[in-house]
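Below: the structure, in structure tokens.
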Amino acid sequence: MGFVLSLLYFVTYYLTPTVMFGPLAPYRIELILAILIIFVSLPKLAGSIILKTPQSVAVIGLVLAIILSVLIGMHWAGGTIQVFLAFIPNAFAFFLVCLHCNSMKKLQAIVLMLLFVCLFVIGHGCVDQRRGISAGGSPSSSEDANSAEPELWSRNHPYVLAMSSGTGEGIYRIRGLGEINDPNDFGQLIICTIPLMFIFWRAKKIFWNLALVILPVSVLLYGAFLTHSRGALVALMAVAVVAARRRIGTLPALLIAGGLFVGAMALHFTGGRAVSVNAGEDRTALWGESLQLLKAHPFFGVGFGNLTDYLGGQTSHNSVAVCAAELGMFGLFFWCLFLLPTVRDALVIASPAQVSEAEPVEPEEELLPLSARKIEVIDRAEVNHLGRLLVLSLTGFLVAGWFLSRSFVMTFFLLGGMVEVVYEMALRRGMVAPRLRLARVLPYAGILAVLLILVMYIMLRIVNMMH
């Protein structure tokens, strides 16, 4: 029951309570759902992997960093509850996956949930796009979209953003609602989902693969095209390179990705908007301003969700810059403390050299037998396969996140939970080395936080030298 409720909770997050519950949404059904999930999850807590992962400490640290950012950065004691309620529903996903997802079938169910969300938005976006075009031809010429009532147009076409490409040509970009109401954010979710669809791949089963992998991935790629997101295109190319380099080598993979990129631009994947240093000049300027804010507020930042007040209503368009500017180095440290072991564990289970053949499973004695986790038996090839898919999904998320302000979204914590579930499956069979101890991860997270800021600084210096 806990897993089913968790899936419902995830879908509600992505599609919004209004879509899911209609007229019942004002009664905070999602909050009631979360409380119910906590209640049914308590018996599983003692036997879960939550207390074994550095990511759990990272989430607790992020909560503390968010509260301190409001208390110290904003001098607003009354806002602590508000920011806590804004952040914790996203991080809650990590704990739910670790508690309730303990088999291949449940991992597949999570992937199907993500596919359903993407297909739902793509379908509604296509309908709204068709209605928008029939109403006025294009955003640049449509009186409906550019009249004195743009909010009315948006309400009538909620899954489409009408905008100019920058060259005077109008474009429609599909998007979701709530946390994915920006086409770039929805594009990031699509790119993360595409590799995970190959969890259903079966060797020599043509019709199975066609129905459960090829066709859904084709629709997802079309949906990514309809977002016209430059960040999604760059992330897709990065995923393609990482996926292909293992089989054909890095240089051929880069050449193929370059060809795909040229083809995508020729097909107006970005809606006519250029992908270049000059085209991204406005974003890099925001990165620079965010680093200046970090310099002025180095420890606890300017306050969670408060960055737009300092950037004239805009955001940094970079997940690292947002985290650093809003939470300071204290918050960025805990963000890296979540990221680092997640990426490390994903790379371990993806590597054939670091995954050995399984050992027999010995039953463990549990203090609370009802809370014991039954880990599904999977072989070495399956562990490597899942690991590679998760590495690709994380690659898409992180590359797209370098151009988006998506530091604390549910997808980040959802992927982290999936990585740890697969790692635990392998660990229970003696197939991988134990997780890094917290004492060892802590200094590495600090080093990573400093390196990320240094990389941003160097990139800005290079961009400035080019102008």
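The values are calculated or read from the model by the stated rules, or taken from the named source; none is laboratory data. Note that the coordinates shown come from a computational prediction; the quantities given were computed from them, not determined experimentally. Methodologically, a virtual Cβ is constructed for each residue, glycine included, from the backbone with ideal geometry; neighbour enumeration extends over all protein chains shown.
Some points to look at:
- Within region 282-303, residues that are surrounded by fewer than 18 Cβ atoms within 10 Å (Cβ to Cβ) and part of a loop (DSSP other than H, G, I, E, B) sit with their Cβ atoms under 7 Å from residues that are aromatic (F, W, Y) and modelled with pLDDT of 90 or more, at 6+ positions apart or across chains, in these pairs: F299/F330.
- The residues of region 189-208 that are of a type outside the set (A, V, I, L, M, F, W, C) and at pLDDT below 95, listed by number, are R202, K204, K205.
Matching residues to (1) touching a residue at least 60 places away in the same chain (Cβ under 8 Å); (2) in contact with a strand residue (DSSP E or B) (Cβ under 8 Å, 6 or more places away or on another chain); (3) charged (D, E, K, R):
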{"position": "R175", "(1), (2), (3)": "no, yes, yes"}
{"position": "E179", "(1), (2), (3)": "yes, no, yes"}
{"position": "N184", "(1), (2), (3)": "yes, no, no"}
{"position": "C192", "(1), (2), (3)": "yes, no, no"}
{"position": "L210", "(1), (2), (3)": "no, no, no"}
{"position": "L215", "(1), (2), (3)": "no, no, no"}
{"position": "A238", "(1), (2), (3)": "yes, no, no"}
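- Qualifying residue in region 220-242 (condition: in a helix (DSSP H, G or I) and more than 28 Å from F120 (Cα to Cα)): yes
- Test result for T308, closer than 21 Å to N184 by Cα, in a loop (DSSP other than H, G, I, E, B) and hydroxyl-bearing (S, T, Y): no
- Evaluation of R461 against (1) farther than 30 Å from E357 by Cβ; (2) surrounded by 21 or more Cβ atoms within 10 Å (Cβ to Cβ); (3) among the charged types (D, E, K, R) (one fails), failing number: (2)
- Looking across region 416-467, the residues that are assigned to a helix (DSSP H, G or I), within 24 Å of C98 (Cβ to Cβ) and among the basic types (K, R) come down to R428, R440.
- Test: residue in region 176-188 that is modelled with pLDDT of 90 or more and either part of a strand (DSSP E or B) or among the acidic types (D, E) (or both): yes
Okay, residues lined up against (1) over 16 Å from Y457 (Cβ atoms); (2) at pLDDT below 95:
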| site | (1), (2) |
| --- | --- |
| F269 | yes, yes |
| G288 | no, yes |
| T308 | yes, yes |
| D345 | yes, no |
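- Looking across region 243-271, the residues that are part of a helix (DSSP H, G or I), aliphatic (A, V, I, L, M) and farther than 17 Å from I194 by Cβ come down to I248, L251, L254, L255, V262, M265, A266.
- Residues of region 169-190 that turn out to be surrounded by fewer than 20 Cβ atoms within 10 Å (Cβ to Cβ) and closer than 12 Å to G231 by Cβ, as a count: 1
- Taking the listed residues F413, F403, the one that is outside any helix (DSSP H, G or I) and in contact with a helix residue (DSSP H, G or I) (Cβ under 6 Å, 6 or more places away or on another chain) is F403, with no other qualifying.
- Residues of region 441-450 classified as more than 13 Å from A58 (Cβ to Cβ) and touching a helix residue (DSSP H, G or I) at 6+ places or on another chain (Cβ under 9 Å), total: 2
- Every listed requirement among (1) over 16 Å from the mean Cα position of the chain (by Cα); (2) touching a residue at least 24 places away in the same chain (Cβ under 8 Å); (3) surrounded by 16 or more Cβ atoms within 10 Å (Cβ to Cβ) is met by Y222 save one, (3).
- All told, L210 falls short of being surrounded by fewer than 21 Cβ atoms within 10 Å (Cβ to Cβ), under 22 Å from G263 (Cα atoms) and of a type outside the set (D, E).
- Residue check, N318 in contact with a Phe, Trp or Tyr (Cβ under 6 Å, 6 or more places away or on another chain) and not hydrophobic (A, V, I, L, M, F, W, C): yes
- Every condition in (1) crowded, with 24+ Cβ neighbours inside 10 Å; (2) outside any helix (DSSP H, G or I); (3) of a type in the set (V, I, T) holds for T342 except the one numbered (2).
- Test for S393: is it among the small types (G, A, S) and either loosely packed, with under 15 Cβ neighbours inside 10 Å or in a loop (DSSP other than H, G, I, E, B) (or both): no
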